[in-house]
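The values are calculated or read from the model by the stated rules, or taken from the named source; none is laboratory data. This is a predicted model, so every value here is computed, not measured. Glycine gets a Cβ as well: all are built from the backbone with ideal geometry, and neighbour counts include every protein chain shown. SASA here: full protein model, heavy atoms, side chains in, ligands and nucleic acids out. Shrake-Rupley method; radii C 1.70, N 1.55, O 1.52, S 1.80 Å.
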Amino acid sequence: MSFLLSFFKKRPSSPVAYNRLKILLSHERASIENSADHLGLSATLLEQLQREILEVVKRHIAIEQDKIHIKHKHEAQGSILQVDLELPIATDSHSTTNNHRLSE
Amino acid sequence: MSKVLVVTSGKGGVGKTTTTAALGAALAMMGQKVVLVDFDVGLRNLDLIMGAERRVVFDLIHVIQGDANLSQTLIKDKRVEGLFLLPTSQTRDKDALTQEGVSRVIDELRGKFDWVLCDSPAGIEHGAQMAMYHADKAVIVVNPEVSSIRDSDRIIGMLNSTTQKAKENGEIEKFLLITRYDPERVGRGDMLTTDDVLDILSIPLLGVVPESQDILVSSNVGAPVTVSKPKSVAASAYSEAARRLMGEDVQVTIPTERRGLLEWLFKRKAI
Ligand SMILES: Nc1ncnc2c1ncn2[C@@H]1O[C@H](COP(=O)(O)OP(=O)(O)O)[C@@H](O)[C@H]1O
Ligand SMILES: [Mg+2]
């Protein structure tokens, strides 16, 4: 009986919308465009900054393209531009990349 | 003290212009001196919704360019005491809205009115930024629907960052107005609830306006819903919102399904 009921009853779609929005917005709030808005800079400038910082770091350390993140933080004293670099670290058991953050 | 309030959303067609007219009229009916400023350059519509389309002589761009002064340009509403409209132009030259010119006009309006309501164009470009730049308060109009919510989130980010208040390290007071809310669809689980929307966007709720025939009828005759149908559910949602803007502590009414007895019997049979 309950099987029949659930067969005919349409699944509500709003929980799907809710979950999709939650995931999407948590990504978008950390995005380059959003950071650019918050810093009053253009997204192109931030992207260029990200690229150039990466180039400088690459001269000294092997690091991949997607291991650099630029974020903004809003604090009482003002906005902070934070550059996160994920540096590869060789561990003896398995070669995962450890999260060494160089801030500022 | 005079307050500048922007009605904004990111997405188009969610109810900004409808809201500007209805809220502005409600504030004026409470004895406030109110001006509605149309920032949707090129696609002016607030004049039509206010029923003032045949009274437009000069517009915002004329004032900005120094071709007319405010007293020549402001249109006084014939129904509500203390309610005025500053129409925009139909020019396609969006650059006519200069930062310096807008600042000057807003400053002058602050000296004349209790409330300056800015009806923002859709999008996140120049026009929308000009509409929000001088705001002290913002009403974010949102429909309980994924793309509208996503765009609102982006607009909230911009209100927090690219406005004058943000540059002075202050904060714009933000309120959420949910419109085109359909209690029946919410009941079926096919529309996000008020709580869902609040949880996602996390700014204080100003009101919930249901999807309503009365809005369409009001725009047909060129009157804010709070003027033409003051007893309707949509109008009371807007009046409530206006009281909350005035600092009154009123509980937000969430629209519910209103079924007649016949409809109720019919629905039961149909199951
Ligand atoms: N609560 C509502 N119920 C029904 N229709 C609505 C409601 N609010 C707005 N509308 C309609 O939606 C359309 C877009 O509204 P409008 O205020 O012009 O949006 P925007 O200014 O955000 O583009 C109009 O046709 C308007 O009549
Ligand atoms: Mg509009």
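Among the residues of the range B:86-99, at least one is in contact with a strand residue (DSSP E or B) (Cβ under 7 Å, 6 or more places away or on another chain) and of a type outside the set (A, V, I, L, M, F, W, C).
Only one of the listed residues (B:Arg104, B:Arg110, B:Arg150, B:Arg54) is of a type in the set (D, E, K, R) and within 14 Å of chain A (Cβ to nearest Cβ). That residue is B:Arg150. Entry remark, the range B:138-170: residues being assigned to a loop (DSSP other than H, G, I, E, B), charged (D, E, K, R) and more than 24 Å from B:Ala21 (Cα to Cα) number 1 in total. Could you go through the range B:214-228 and let me know if any residue there is facing another protein chain (nearest Cβ under 10 Å) and either at positive phi or part of a helix (DSSP H, G or I) (or both). No, the range B:214-228 contains no residue that is facing another protein chain (nearest Cβ under 10 Å) and either at positive phi or part of a helix (DSSP H, G or I) (or both). Of the numbered conditions (1) modelled with pLDDT of 80 or more; (2) farther than 26 Å from B:Glu125 by Cβ; (3) open to solvent by 30 Å² or more (accessible area, probe 1.4 Å), A:Arg29 satisfies every one except a single condition; which is it? Evaluating A:Arg29 over (1) modelled with pLDDT of 80 or more; (2) farther than 26 Å from B:Glu125 by Cβ; (3) open to solvent by 30 Å² or more (accessible area, probe 1.4 Å) leaves (2) as the failure. Kindly evaluate B:Ser120 against the criterion of being polar (S, T, N, Q) and more than 14 Å from chain A (Cβ to nearest Cβ). Criteria met by B:Ser120.
Between B:Ser120, B:Ser103, the distinction of being hydroxyl-bearing (Ser, Thr, Tyr) and open to solvent by 10 Å² or more (accessible area, probe 1.4 Å) belongs to B:Ser103 only. Just one of the listed residues (A:Leu102, A:Leu45, A:Leu87, A:Leu81) is at pLDDT below 85, away from chain B (no Cβ under 14 Å) and not in a loop (DSSP other than H, G, I, E, B), and it is A:Leu45.
Here B:Leu48 qualifies as touching a residue at least 12 places away in the same chain (Cβ under 8 Å) and either in a loop (DSSP other than H, G, I, E, B) or within 16 Å of ligand 1 (Cβ to nearest atom) (or both).
Conditions tested, residue by residue: (1) more than 8 Å from ligand 1 (Cβ to nearest atom); (2) more than 25 Å from B:Gly111 (Cβ to Cβ).
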site	(1), (2)
B:Lys3	yes, no
B:Lys11	no, yes
B:Val14	no, yes
B:Leu23	yes, no
B:Ala28	yes, no
B:Gly31	yes, no
B:Val34	yes, no
B:Asp40	no, no
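So which residues in the range B:192-210 are under 15 Å from B:Thr253 (Cβ atoms) and in a loop (DSSP other than H, G, I, E, B)? Within the range B:192-210, just B:Thr193 meets the criteria.
In the range B:99-119, is there at least one residue being in a helix (DSSP H, G or I) and within 15 Å of ligand 2 (Cβ to nearest atom)? No, the conditions are met nowhere in the range B:99-119. Evaluating B:Val37 against the criteria (1) within 16 Å of ligand 2 (Cβ to nearest atom); (2) touching a Ser or Thr at 6+ places or on another chain (Cβ under 9 Å); (3) more than 23 Å from B:Leu177 (Cα to Cα) leaves one unmet condition, (3).
Residues in the range B:125-139 that are within 16 Å of ligand 1 (Cβ to nearest atom), buried (at least 19 other Cβ atoms within 10 Å of the Cβ) and within 14 Å of another protein chain (Cβ to nearest Cβ): B:Ala128, B:Met132. Could you look through the range B:181-228, keep only residues that are surrounded by 17 or more Cβ atoms within 10 Å (Cβ to Cβ) and among the polar types (S, T, N, Q), and pick out the one that is farthest from B:Met29 (Cα to Cα)? The residue in question is B:Thr193.
Residues checked against (1) in a helix (DSSP H, G or I); (2) within 16 Å of ligand 2 (Cβ to nearest atom); (3) surrounded by 20 or more Cβ atoms within 10 Å (Cβ to Cβ):
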{"site": "B:Arg44", "(1), (2), (3)": "no, yes, yes"}
{"site": "B:His62", "(1), (2), (3)": "yes, no, no"}
{"site": "B:Asp67", "(1), (2), (3)": "no, no, no"}
{"site": "B:Gln72", "(1), (2), (3)": "yes, no, no"}
{"site": "B:Lys78", "(1), (2), (3)": "no, no, no"}
{"site": "B:Arg92", "(1), (2), (3)": "no, no, no"}
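Look at B:Ile178 and say whether it is in a helix (DSSP H, G or I), open to solvent by less than 30 Å² (accessible area, probe 1.4 Å) and closer than 20 Å to A:Leu24 by Cβ. No: the conditions fail for B:Ile178.
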